[in-house]
Every structure is written in structure tokens, then in C-alpha cells.
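> The structure under discussion is supplied below as C-alpha cells; questions concerning it will follow.
The values are calculated or read from the model by the stated rules, or taken from the named source; none is laboratory data. Only a predicted model underlies this, so the values are computations on that prediction, with no experimental measurement involved. Backbone-built Cβ (ideal geometry, glycine too); neighbour counts: all protein chains shown. Surface areas here come from the heavy atoms of the whole protein model, side chains and all, with no ligands, DNA or RNA. Shrake-Rupley method; radii C 1.70, N 1.55, O 1.52, S 1.80 Å.
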Amino acid sequence: SDEKAAEVSLVIPQTKLWVDEYIIGLNLCPFANEPFKKNTIRYAISDAKNRDELIDDCFRESALLLDSDPDSLVTTLLVAPAFAAGLQVWGDVGYWMEDYLDSEDEPLFEDKIAVVFFHPNWTFEELDREDPTHFERRAPFPTVSLLRKDDIGVIVKDCMQRGIVVSQQISEHNTRILSQKGFPALSVLLKKIRSAGKAVLKKAS
């Protein structure tokens, strides 16, 4: 329908707004700012509705990322607005993909791709239901971030030279930032991004 097409047309602009105002705005990832400013992030829409379709799309985008010029494409955000299998399946696919891509004897991508899964309702099972830390992995839509590990290594080295925290310290930093912001304010911010219309999204396009 025209209404559904209009909603899909907003998926990528809303995702860009999430990167700009949420990920970069809250300083949740030191790897995001440079690719966003240089426009070297690929935003792709997946029509996947289930596990197997999602894995196929992740593999396809991973291959494209490795085959691309690192100067023109640094990371891919694969957005799956039609994914209907729920958070549990989404999380299971995410953890499976992480294990698969981290395997040194994996034949397709040779341990060269890193992956992070985001979801509107992402929940860390060990935390209270309204712990702000859940928002570290929340996004307007089910979203997969794919990065070359070589690029992460370069960025981490650069960050260390400039005294910017990496790895576990990033997680601790994010927990602190999100706790300061608070669960209600973070909920409002994500809802605002998810409901942004065309006029609001012009600057993100």
C-alpha cells in the first residue's frame, strides 16, 4: 500500500537520525563519528522476516563490504523493518553470527567481519527491565552493524593514541552515560526518532 511504502521510505532517514542524534549524540561509539561525517556508511534494507532470510542478507552484505574500497565504505547498517520473528530469535541470530564470524576456520569471511545486533526492544537478560543499559543496543528498527575488523583495529589504535577509551572501557562509559540520561528520557528519544516525519528528516538525508 501507499502508506506502507511511505513508512519504508522513512526507514533509512530515521536510521541516519539514530546514528547522528543517538549513537554519536550520546557518544556511545567512538567508531561512528568519522564514517558518518565522511558518508562511508552503507544503509541497506533487508526484507527478511525470519532467521534464514536474515542470515542470507547478513552474508550478502558482509561479502559486499569486504569487496568494497575501504576508503568509500567503512561499515554497513542492515535494517530489517519487516523482521517478524521477535526479539528472542533476533538475539539468537545475533549471537550465532558473532560466533560464526569470530571462528578462525570460517571459510567465507576468514574472521574479517565484526557484527553487532540492535533491536527496538533489546534486553540484556541479567539486568532489570528498566535498566538504561538496555539502550546501548536499542535502535528504531531491528538493525545489524557490519564492520571490517581491519578498520576497527586502525580506529582502536588511533583512539588509543588520542587517549580515547576502547573495548571494555567503552561499555563502562556507555553504562555511565545511559544511566545519567535515564530510562524514561532514552525511551522518549528513541520514540521521537522512530516517529520523525519527512520534514524532520531532511537534515539526515
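> For region 42-55, indicate whether the set of residues that are touching a residue at least 24 places away in the same chain (Cβ under 8 Å), among the small types (Gly, Ala, Ser) and over 19 Å from HIS119 (Cα atoms) is non-empty.
No, region 42-55 contains no residue that is touching a residue at least 24 places away in the same chain (Cβ under 8 Å), among the small types (Gly, Ala, Ser) and over 19 Å from HIS119 (Cα atoms).
> Here's something else I'd like to know. In region 107-160, how many residues are modelled with pLDDT of 90 or more, assigned to a helix (DSSP H, G or I) and within 16 Å of the chain's Cα centre (by Cα)?
Summing the residues that are modelled with pLDDT of 90 or more, assigned to a helix (DSSP H, G or I) and within 16 Å of the chain's Cα centre (by Cα) in region 107-160 gives 5.
> Suppose we filter SER72, SER68, SER46 for residues that are of a type outside the set (A, V, I, L, M) and under 21 Å from VAL93 (Cβ atoms); which single one remains?
SER46
> When region 44-64 is examined, which residues are found to be closer than 23 Å to ALA196 by Cβ, open to solvent by less than 40 Å² (accessible area, probe 1.4 Å) and not in a loop (DSSP other than H, G, I, E, B)?
The one that is closer than 23 Å to ALA196 by Cβ, open to solvent by less than 40 Å² (accessible area, probe 1.4 Å) and not in a loop (DSSP other than H, G, I, E, B): ALA44.
> Kindly establish whether SER72 is outside any loop (DSSP other than H, G, I, E, B) and either touching a residue at least 24 places away in the same chain (Cβ under 8 Å) or open to solvent by less than 10 Å² (accessible area, probe 1.4 Å) (or both).
no
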